[in-house]
1. Going by what's in this entry, would Lys54 be described as within 16 Å of the ligand (Cβ to nearest atom), at pLDDT 95 or above and either among the charged types (D, E, K, R) or buried (at least 18 other Cβ atoms within 10 Å of the Cβ) (or both)?
2. Within segment 226-285, count every residue that is modelled with pLDDT of 95 or more, over 19 Å from Leu297 (Cα atoms) and of a type in the set (Gly, Ala, Ser).
3. So which residues in segment 324-365 are β-branched (Val, Ile, Thr) and open to solvent by less than 10 Å² (accessible area, probe 1.4 Å), if there are any at all?
4. How many residues are over 17 Å from Val339 (Cβ atoms) and in contact (Cβ under 8 Å) with a residue 24 or more places away in the chain if we restrict to segment 263-283?
5. Report every pair of residues separated by at least 6 positions or lying on different chains whose Cβ atoms are under 8 Å apart, first residue within segment 82-104 and part of a strand (DSSP E or B), second polar (S, T, N, Q) and more than 16 Å from the ligand (Cβ to nearest atom).
6. Pro282 fails exactly one of the following numbered conditions: (1) over 26 Å from Lys87 (Cβ atoms); (2) open to solvent by 10 Å² or more (accessible area, probe 1.4 Å). What is the number of that condition?
7. Please specify each residue of segment 1-28 satisfying the condition of being without any contact (Cβ under 8 Å) to a residue 40 or more places away in the chain and open to solvent by 30 Å² or more (accessible area, probe 1.4 Å).
8. Select from segment 286-323 the residues that are more than 12 Å from the ligand (Cβ to nearest atom), under 20 Å from Cys399 (Cα atoms) and within 20 Å of the chain's Cα centre (by Cα) and write down the one among them that is least open to solvent (accessible area, probe 1.4 Å).
Amino acid sequence: MTSNAVLIKGGHVVDPATGIDGRADIFIKDGRIQTIANDIKANNNTIVIDAAHKHVIPGLVDCHVHLREPGLEYKETIETGSRAAAKGGYTTLICEPNTIPPIDSLEMVEAFMELVRQKSLVNIYTKACITKGLLGEELTDIDKLATDKRVRALSDDGNPVFYETLIKRACELASRHKLIISPHCEDSQISLDKAKGNSNVAHFPGKPFCHETDFIIREIACTEEARGWLHVSHVSLKNSLEVIQQAKERRVAKITCEVTPHHLLLDEHFKNPNGTVPKTNPPLRSREDREALQESLSNGMVDVIATDHAPHTHDDIKKGASGFVGLETALGVILTKLVHPGMLSLKEVVRKMSTNPAQIFNVAGGSLAVGMPADIAIIDLDKEWTVDVDKFESKARNCPFNGWKLIGQVVATLVGGRVVVDNCQMVC
Ligand code: DOR
């Protein structure tokens, strides 16, 4: 469906960025929001979307996504991942750099963004690697990577940066370029192998398989020294929340953090229907940790809900791959489990899933202000549906919420004024 004029009529607009929370029509022209007012009249060549009894929100922004292209297209592609995103109400994604080859140079950024240009339905940005090849041995050329504004942060996805000298230097360089650093504060085979052969691990006493909080403490210290900006990915432990809270209160450096829907809603007791324990990194934690994440989300300490959409085939999961897909279920599970029971308002959900990630990473979207690109999701808060992985736009089926009965669904998604989802179905 294309026209350069679209009118979204009669919906309840919720947009923390502009403070709008009430009934309004939105008129879109040439891909941008032109007017927000009551009772806007349509002319003949305007597409009218009836949003009566629906909520109209800025398109969701996901700052932690794996689209697997280039290199692992059998798991997901930019096309299938961006379709999954649109179906879930997402209009902007920031992708992790652990593709094959990894996004660790300007040339790789360029190659990835060219694929995006050809194949994506939604806005896509990327993170770039902190170390070359994600190997934790040598820094990438951060000075150069920072010149490309499509690079929105630095991350060695799946691997923490083991050597303190490297992460310190990376924090200094990132800070100099006002680039967010988002190291993965978790164990990985690479870091465990390095720890085995290295006596210089005094800052990780005890807990050999639970390094998340220790890494976060170190990354906060490095970021504070550099006066930079640390965005902590997928926080999963109560202890981690406490150290992040303290760092935010010190205000020495800018510290933000994200949680995933699966860490918010599932814990270590969760099993797949066949009785196996689903594998993800960081792992599902205790009930106490899960409740602490929910508490920190509702009290405002947690800035962002990000999916860590991690597509894998059934065979790869059987061989030990970890992670869950989340783009098509994130909003539905959050509405069902946190909004409908009264733990979080819709406005706060929009803040955590759109306004905040857009502002933190300085990317398109996150606001319905006049003049902004018309990146919009329309949702039916009362619509009941059942998650069925076989109906996913994503290639992957590794979703722990399969079979869940949800209340609240994305009805339409517009990207730059183009309707890509209508009536809960893809229209392109
Ligand atoms: O479980 C995970 N899988 N966690 C990550 O951080 C990476 C991801 C992947 O790439 O599959």
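1. Values: within 16 Å of the ligand (Cβ to nearest atom): no; at pLDDT 95 or above: yes; either among the charged types (D, E, K, R) or buried (at least 18 other Cβ atoms within 10 Å of the Cβ) (or both): yes.
Spelling it out, it is not the case that Lys54 is within 16 Å of the ligand (Cβ to nearest atom), at pLDDT 95 or above and either among the charged types (D, E, K, R) or buried (at least 18 other Cβ atoms within 10 Å of the Cβ) (or both).
2. Summing the residues that are modelled with pLDDT of 95 or more, over 19 Å from Leu297 (Cα atoms) and of a type in the set (Gly, Ala, Ser) in segment 226-285 gives 3.
3. Selection gives Val325, Thr329, Val333, Ile334, Val349, Val350, Thr355.
4. Residues in segment 263-283 being over 17 Å from Val339 (Cβ atoms) and in contact (Cβ under 8 Å) with a residue 24 or more places away in the chain: 11 in total.
5. Tyr90/Thr413; Thr91/Asn123; Thr91/Thr413; Thr92/Asn123; Leu93/Ser82; Leu93/Asn123
6. (2)
7. Matches in segment 1-28: Gly19, Arg23, Phe27.
8. Residue satisfying both the conditions and the ranking: Ile305.
The values are calculated or read from the model by the stated rules, or taken from the named source; none is laboratory data. Remember, predicted model here, so these are calculated numbers, not experimental data. Every residue, glycine among them, receives a Cβ derived from its backbone with ideal geometry; neighbour counts consider all protein chains shown. Surface accessibility is based on the protein's heavy atoms, side chains included, excluding ligands, DNA and RNA. Shrake-Rupley method; radii C 1.70, N 1.55, O 1.52, S 1.80 Å.
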